[in-house]
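Written below as structure tokens is the structure these notes are about.
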Amino acid sequence: MTVTLIGAGNLATQLGLALHERGIRVTQVYSRTEESAKTLAERIGADYTTNAADINDGADFYIYSLKDDALEDVISQTAAHDGIHLHTAGSVSMDIFRGKKKSYGVMYPMQTFSKSKKVDFRKIPVFVEGCDEETARRISGLAETLSDNVQPCDSAQRMTLHLGAVFCCNYSNYMCRIAEKLMADKGLDFKLMLPLLEETVEKLHHLTAKDAQTGPAARNDHSVMDKHIKALEAYPAYQKLYKEIAEGIITEEK
């Protein structure tokens, strides 16, 4: 089994390393940025190119891990047509390949990725889709070499998964950034929040998010919320966000 990686960013880097560890040969890496392509290629023993037209034919899989708005152009520029072409995006339909490649699909690993932070792919749920039954079967086979949790998922379902992931991960991380800023301004270490965050996630293994909700908004405690809102007077954007989220929680609790 051979793979060409089209992209060398956060996900592509972790995916390339995981494939390499599983003994799956990545023959070529593409990135518009030579430094990124070369760095990843050297780590996994692959060739590299910065020209999509120079992506070689002959790989079993072509995995596109690119920004969503770059996908269509790079797919069109990629000269290789054989093999299975698949992307890793949460919010892009499989049909982006239609009329451009013969065999295509999606392999979406739902996780947050950074180049410098290794992940255990065995624990990551991977959602797959193929243009036909045989293609879906082969994509699942590839995914199963990486993950112990591989599931079929169509494009509409995957969009909802990605939307949920943005709320759970990206937006909650932004809330942490706000807390980090507020605490730093008062000389406090954000790491004091880590036990609280760990328990917040742990509870979700046993309770629904609604049942796990605590705090002044869940209690409809306006005395505490008014104090918080006053404390945020120097941060009008955070103050507005606090009010909107509190109102949302109060509405959901009714």
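The values are calculated or read from the model by the stated rules, or taken from the named source; none is laboratory data. Keep in mind that this is a model prediction, so the values were computed, not measured. Using ideal geometry, Cβ is built from the backbone for each residue, glycine included, and neighbour counts are taken over all protein chains shown. Only protein heavy atoms, including side chains, enter the accessible area calculation; ligands, DNA and RNA are left aside. Shrake-Rupley method; radii C 1.70, N 1.55, O 1.52, S 1.80 Å.
The trypsin sites (Lys or Arg not before Pro) of region 1-101 that DSSP puts in a loop, and whose beta carbon has at most 10 other beta carbons within 10 Å, are LYS67, ARG98. Label zone of SER93 (point 7 Å out along Cα→Cβ, amide N under 12 Å): in region 119-156 this covers 155-156.
Near VAL150, the amide H atoms lying under 5 Å from its own belong to VAL126; only residues 5 or more places off or on other chains count, and H is placed 1.01 Å from N. Here the relative contact order of the chain, from alpha carbon pairs under 8 Å that lie six or more residues apart, stands at 12 percent. Amide H contacts of TYR48 (H built 1.01 Å from N, in plane; Pro and chain starts excluded): VAL29 sit under 5 Å, all sequence-distant by 5 or more or on other chains. Based on alpha-carbon atoms, the Kirkwood radius and the radius of gyration of region 24-87 give Rg/Rh equal to 0.92. The charge dipole of region 152-225, taken about its Cα centre with unit charges on the Cβ atoms of Lys, Arg (+1), Asp and Glu (-1) only, comes to about 160 debye.
Partners of LYS240 within straight-line reach, counting lysines whose Cα lies under 30 Å from its Cα and excluding those fewer than 8 residues away in the same chain: LYS181, LYS186, LYS191, LYS203, LYS210, LYS227, LYS230, LYS254. When you filter the trypsin sites (Lys or Arg not before Pro) in region 153-230 for DSSP loop state and at most 11 other Cβ atoms inside 10 Å of their Cβ, you are left with LYS186.
FRET efficiency for the VAL224 to CYS169 pair, using the beta carbon distance and R₀ = 22 Å, is estimated at 0.20. Distance from the alpha carbon centroid of region 1-59 to that of region 80-141 works out to 15 angstrom.
Need one word for region 29-129: rounded, prolate or oblate. Basis is the Cα gyration tensor (sqrt eigenvalues a ≥ b ≥ c); a/c below 1.5 gives rounded, then a/b vs b/c decides. Because a/c hits 1.5 or more and a/b fails to exceed b/c, region 29-129 counts as oblate. Can you tell me the FRET efficiency between CYS176 and GLU133 if r is taken as the Cβ-Cβ distance and R0 is 45 Å, rounded to the nearest 0.05? Calculated transfer efficiency: 0.60. What are the ³J(HN,Hα) values, in whole Hz, obtained from phi via the Karplus relation 6.51 cos²θ - 1.76 cosθ + 1.60 with θ = phi - 60°, for each residue of region 24-41 in sequence order, with x given for Gly and Pro? With the stated coefficients, region 24-41 comes to 8, 7, 8, 8, 8, 10, 10, 8, 5, 9, 4, 4, 5, 4, 5, 4, 5, 4 Hz.
CYS168 contributes about 110 Å² of solvent-accessible surface, heavy atoms of the protein only, 1.4 Å probe. The GluC sites (Glu not before Pro) of region 160-254 that DSSP puts in a loop, and whose beta carbon has at most 15 other beta carbons within 10 Å, are GLU233. Let's test the formula: R0 of 30 Å, r as the Cβ-Cβ distance of SER116 and GLN213. What FRET efficiency results, to the nearest 0.05? The computed FRET efficiency comes out at 0.35.
Under the rule a/c < 1.5 gives rounded, and otherwise a/b versus b/c splits prolate from oblate, where does region 1-44 land using the Cα gyration tensor?
On the way: a/c = 1.91, a/b = 1.65, b/c = 1.16.
Here region 1-44 falls in the prolate category.
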